Amino acid sequence: MSWEAIRYEVTDGVATVTLNRPDVHNAMNDVMRRELTSCFTALVTDDDVRVVVVTGAGERAFSAGADIREFVAPTGAVGFREHRKRLDFRQVMDRCPQPIIAAIRGYAFGGGLELALACDIRFAGDDARLGLTEIDLAIIPGGGGTQRLPRLVGRGKALEMILSGVRLPAAEALAIGLVERVVPAAEVLPTALAFARTLAGKAPVALRYAKEAVVKGRGLPLADGIRLENDLATLLRTTEDRVEGARAFLEKRPPKWTGR
Ligand code: COA
């Protein structure tokens, strides 16, 4: 499949999705949103991809958010209804069983940060600036930001960011738990890819169930979450890889996972 506003490649079980409009700091236009929806929809059922990395082309931005030039084009009633029918690509990301890692260099604003919030783990460069800046355009986040940000950093910090539109430097983002690691800018993507390869080397079914237990469990009452963990742990006891893992340990050799 050929893409216009993103790049997509898979190497050794790691898919890299690159937002590819560097001339406008990878701002998201309609084409990019549609392509991200198609790409993540395909990933939901792609067993060959174990881990996904999302990044931005060029050295200056992950994404500067929605393409503001589209805001001034008039939208008729039909356009609004069409928009309402569409599934936001970040909701498709929520259905991906693979861990998704954001590699953030430079600007991550508005919809760009909302995309990073829909990832499971965020690594940022020391040059990163992150913000839900919509308020300065007289709008509010519309890609899940008002819901995902408070779940990640708490109500007060989320409101501080969303009401003011502040553009946080990487170190502050790290301090509030908005990103998991800050590394020198040029090392963000290599660090994310190296981590992705480490995860891709784990037993495939265990990797997926580990994510499922944490992500689905967070939305459940504790007792139901523990039940879910128990069910998934029990299902894992049926895999060949579980026996292989134990044998490899006892025989002092690296395991050979089959994903069965
Ligand atoms: N939508 C459309 N175009 C954008 C854009 C966006 N969100 N963000 C940047 N661009 C464009 C600029 O208009 C400019 O285009 P031009 O070369 O045709 O003039 C180009 O990208 C480079 O941006 P520029 O502003 O010149 O670079 P900068 O380094 O001085 O500043 C930003 C970069 C990201 C700080 C600044 O562009 C900005 O604040 N963008 C808006 C971010 C935002 O509010 N996003 C949320 C949208 S809801």
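Residues that are assigned by TED's automatic domain parsing to the domain that holds Val51, touching a residue at least 24 places away in the same chain (Cβ under 8 Å), within 14 Å of the chain's Cα centre (by Cα) and open to solvent by less than 30 Å² (accessible area, probe 1.4 Å): does the range 153-174 have at least one? Looking through the range 153-174, none of the residues is assigned by TED's automatic domain parsing to the domain that holds Val51, touching a residue at least 24 places away in the same chain (Cβ under 8 Å), within 14 Å of the chain's Cα centre (by Cα) and open to solvent by less than 30 Å² (accessible area, probe 1.4 Å).
State all residues of the range 28-39 that are within 16 Å of the ligand (Cβ to nearest atom) and open to solvent by 10 Å² or more (accessible area, probe 1.4 Å); if no residue qualifies, say none.
Kept after step one, since they are within 16 Å of the ligand (Cβ to nearest atom), are these residues of the range 28-39: 28-33, 36.
Asn29, Asp30, Val31, Arg33 - these are the residues of the range 28-39 that are within 16 Å of the ligand (Cβ to nearest atom) and open to solvent by 10 Å² or more (accessible area, probe 1.4 Å).
Contact map, the range 1-26: residues that are under 19 Å from Ala194 (Cα atoms) paired with residues that are among the acidic types (Asp, Glu), Cβ distance under 7 Å, separation 6+ or inter-chain. Pairs shown: Gly13/Asp48; Thr16/Glu9. Applying the condition of being more than 19 Å from Val188 (Cβ to Cβ) and open to solvent by 40 Å² or more (accessible area, probe 1.4 Å) to the range 9-23 and asking which residue is farthest from the ligand (Cβ to nearest atom) yields Asp12.
So which residues in the range 118-144 are more than 10 Å from the ligand (Cβ to nearest atom), without any contact (Cβ under 8 Å) to a residue 40 or more places away in the chain and open to solvent by less than 20 Å² (accessible area, probe 1.4 Å), if there are any at all?
Result: Ala118, single match.
Lys202 passes every criterion in (1) surrounded by fewer than 18 Cβ atoms within 10 Å (Cβ to Cβ); (2) over 19 Å from the mean Cα position of the chain (by Cα) apart from (1). Among residues of the range 84-104 that are hydrophobic (A, V, I, L, M, F, W, C), those with a beta-carbon under 6 Å from a residue that is in a loop (DSSP other than H, G, I, E, B) at least six positions away or on a different chain give the pairs Met93/Ala118; Ile100/Cys119; Ile100/Asp120; Ala102/Cys119; Ile104/Ala128. Checking the structure you have, find out if any residue of the range 86-109 is under 29 Å from Tyr209 (Cα atoms) and among the small types (Gly, Ala, Ser). Checking the range 86-109: at least one residue is under 29 Å from Tyr209 (Cα atoms) and among the small types (Gly, Ala, Ser).
Residues in the range 207-235 that are open to solvent by 60 Å² or more (accessible area, probe 1.4 Å), farther than 16 Å from Cys96 by Cβ and among the hydrophobic types (A, V, I, L, M, F, W, C): Leu220, Leu222, Ala223, Ile226, Leu235. Residues that are closer than 23 Å to Cys96 by Cα and either touching a Leu at 6+ places or on another chain (Cβ under 9 Å) or in contact (Cβ under 8 Å) with a residue 24 or more places away in the chain (or both) within the range 243-259 comprise Trp257, Gly259, listed in sequence order. Here Pro184, Pro169, Pro141 are screened, and the one residue that is touching a Leu at 6+ places or on another chain (Cβ under 6 Å), farther than 30 Å from Thr258 by Cβ and modelled with pLDDT of 95 or more is Pro141. When the range 53-101 is filtered for residues that are crowded, with 23+ Cβ neighbours inside 10 Å, closer than 19 Å to Phe123 by Cα and either acidic (Asp, Glu) or within 14 Å of the ligand (Cβ to nearest atom) (or both), the ones remaining, listed by number, are Gly56, Ala61, Phe62, Ser63, Ala64, Gly65.
Scanning the range 232-260 for residues that are among the acidic types (Asp, Glu) and part of a loop (DSSP other than H, G, I, E, B) yields a total of 1. Scanning the range 154-200 for residues that are farther than 27 Å from Val51 by Cα, within 16 Å of the ligand (Cβ to nearest atom) and assigned to a helix (DSSP H, G or I) returns Met161, Ile162, Leu163, Ser164. Taking first residues from the range 35-57 that are in the same structural domain as Gly111 (by TED's automatic domain parsing) and in contact (Cβ under 8 Å) with a residue 24 or more places away in the chain and partners that are part of a helix (DSSP H, G or I) and basic (Lys, Arg), the Cβ contacts under 8 Å between residues at least 6 apart in sequence or on separate chains come to Val51/Arg197.
The values are calculated or read from the model by the stated rules, or taken from the named source; none is laboratory data. What you see is a predicted model, and the numbers here were worked out from it, not measured in a lab. Here the Cβ is made from the backbone with ideal geometry for all residues, glycine too, and neighbour counts use every protein chain on show. What goes into the accessible areas is simple: the full protein's heavy atoms, side chains included, and nothing from ligands, DNA or RNA. Shrake-Rupley method; radii C 1.70, N 1.55, O 1.52, S 1.80 Å.
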